[in-house]
Structure formats: structure tokens, C-alpha cells
Amino acid sequence: MEAAVIKPPIGTHARGGWRTITILGLAMIIGLGFVAGFALPYFTGGEELARYPGREVWLFMHLGGGMIALLVGPGQLWLGQKRRRLEVHRRLGLAYMASVAVSVTAAFYLATHTALGWVFGAGLMGLAIAWVITTGLAFAAVRRGLLHQHQEWMIRSYVVTFGFVFFRIFVGIAQGTGIGTLQEQLAAASWFCWGAPLLVTEAILQGRKIFAR
């Protein structure tokens, strides 16, 4: 007797597709807003850039690479999830990894040459390490044909990439509630911006498997 094949309910794929489009669309919109409102002002000089004397090139590398990864990520994830235009997907993936490599290199330097204290530097270092691990394992998985693992590690990698945005959100919340000094707020945000989102992401990825039936 042949084993029974369990098919998902009608409309499941459609609902999942719209959910994915909504999430990635929001990520793109928020990413564009972050780039316009917070990242680009550093490239125009002024008060923001003056906070990094002697480290301007490293800052530009960190922000530039992060901006590209932040904006390339949603399209790359969408094409990969839907298995569409795979050649474009591969090219976007290469652009994403290259931009991450540039930004991570600068992050390591900035983490060890910060005036905001060792806690902030350690948080930025942790983000860079998480970025290398998640992106590296995504690449290793696809090289071995492990597409499902590749997709999951790319999701984790983009969550770390979105740490640029989460950092600003956490700092804004801390400032709005008046918790701690500015240096304490920045130090806490340097950890929360990637640690907390990764924990939530992992719970969702594993929970979907546990409660799949």
C-alpha cells in the first residue's frame, strides 16, 4: 500500500505567499525610511559625522555595506522563497554577501576603536560575528544543495542586517522612556538590536516545525 500524501489545505500557499510579500514589503519600506532618515545624513557631513573623527572611511564602509544589504535583502529572499528568476537571485545573493563582508570588516574596526565604552564595542563585535556566522552558513548550505537550510540561514542573516534599524528603535524607546544615560542606552541597544530579534526569529523558525501538525 502506498503511503498517504498529506496535502496542505486549499489556499495555504496563497496565504503564505501574501504573508511573505507583506513582511518583505514592510522590511523594504522601513529600510528605505531608515536609509533616508538616519544613514544618508552621515554622508553629508555635519554633527553625525563629527562624532567619528579619524574613522570616517570605516564608518562609510560600515554604513554603505549595511545599506546595500538592507535594501537588497527583501528581493533576494523573495526570489529564493518562490524559486523565481534564480539567476537574478544568485546575483543579488552575491551582492548581498559582498556588502555584508564590507560592512562586517568595518564593524570589527569600529568595535575596537569606539569612544562609547567596551560594552558598546562588545555589542557591535557580537553583531559582526553573528553576521559572519549566519551569512557564512547560508552560503555553505547553498553550496551543498541544502536549500531549506540555506533559506533559514538567510532569514537569520537578514534579521542581523536589520539590526541597523532595530538599533535605532531600541535607542528611541530608551530615550522616550528616559531609561539610563545616553551611553547606557547605546550600549544596551548594541546588544538588543541583534540578540533579541535573533531569539524571536529562532523561536518562529523552530516553532513552525514543532507545531506543523
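The values are calculated or read from the model by the stated rules, or taken from the named source; none is laboratory data. Everything numeric here is computed off the predicted structure, so don't read it as measured data. Cβ: placed from backbone, ideal geometry, glycine included. Neighbour counts: every protein chain shown. Only protein heavy atoms, including side chains, enter the accessible area calculation; ligands, DNA and RNA are left aside. Shrake-Rupley method; radii C 1.70, N 1.55, O 1.52, S 1.80 Å.
Brief remarks on what is shown
- CD proxy at 222 nm, helix term only [per DSSP H run n ≥ 4: -39500 (n - 2.57); per residue of the chain; nearest 500]: -27000 deg cm²/dmol
- For trypsin sites (Lys or Arg not before Pro), the sites in the range 124-196 that DSSP calls loop and that have at most 15 other Cβ atoms within 10 Å are Arg144.
- Length-normalised contact order for the chain - Cα pairs under 8 Å, 6+ apart - percent: 17
- Under 14 Å, Cβ to Cβ, from Ile204 - net charge with Lys/Arg +1 and Asp/Glu -1: +2
- Computed from Cα atoms, the angle from the helix 147-161 axis to the main principal axis of the chain rounds to 20 degrees.
- Local electrostatic count at Leu110 - Lys and Arg +1, Asp and Glu -1, tallied over other residues with Cβ under 15 Å: 0
- Over the chain, accessible surface divided per residue gives 59 Å², non-protein components excluded, 1.4 Å probe.
- In the range 148-213, Cα pairs under 8 Å separated by at least six residues give a relative contact order of 41 percent.
- By accessible area, using a 1.4 Å probe on protein heavy atoms only, the chain has 69% of its surface on carbon and sulfur.
- Environment charge at Gly45 (Cβ cut-off 15 Å; Lys +1, Arg +1, Asp -1, Glu -1): -1
- Centre separation in Å (Cα based) which lies between the range 151-213 and the range 24-101: 17
- Between Gly33, Gln151, Trp58, the Cα set farthest toward the positive side of the dipole of the chain (charges on each charged residue's Cβ, about the Cα centre) is that of Gln151.
- Evaluated with a Cβ-only charge set (Lys, Arg +1; Asp, Glu -1), the chain carries a dipole of roughly 1020 debye about its Cα centre, given to the nearest 20.
- Unit charges on C-beta of K, R, D, E only; dipole of the range 75-153, Debye: 480
- When the chain is treated as a Gaussian network with alpha carbon springs shorter than 10 Å, the biggest mean-square fluctuation among Val100, Val165, Val119 belongs to Val119.
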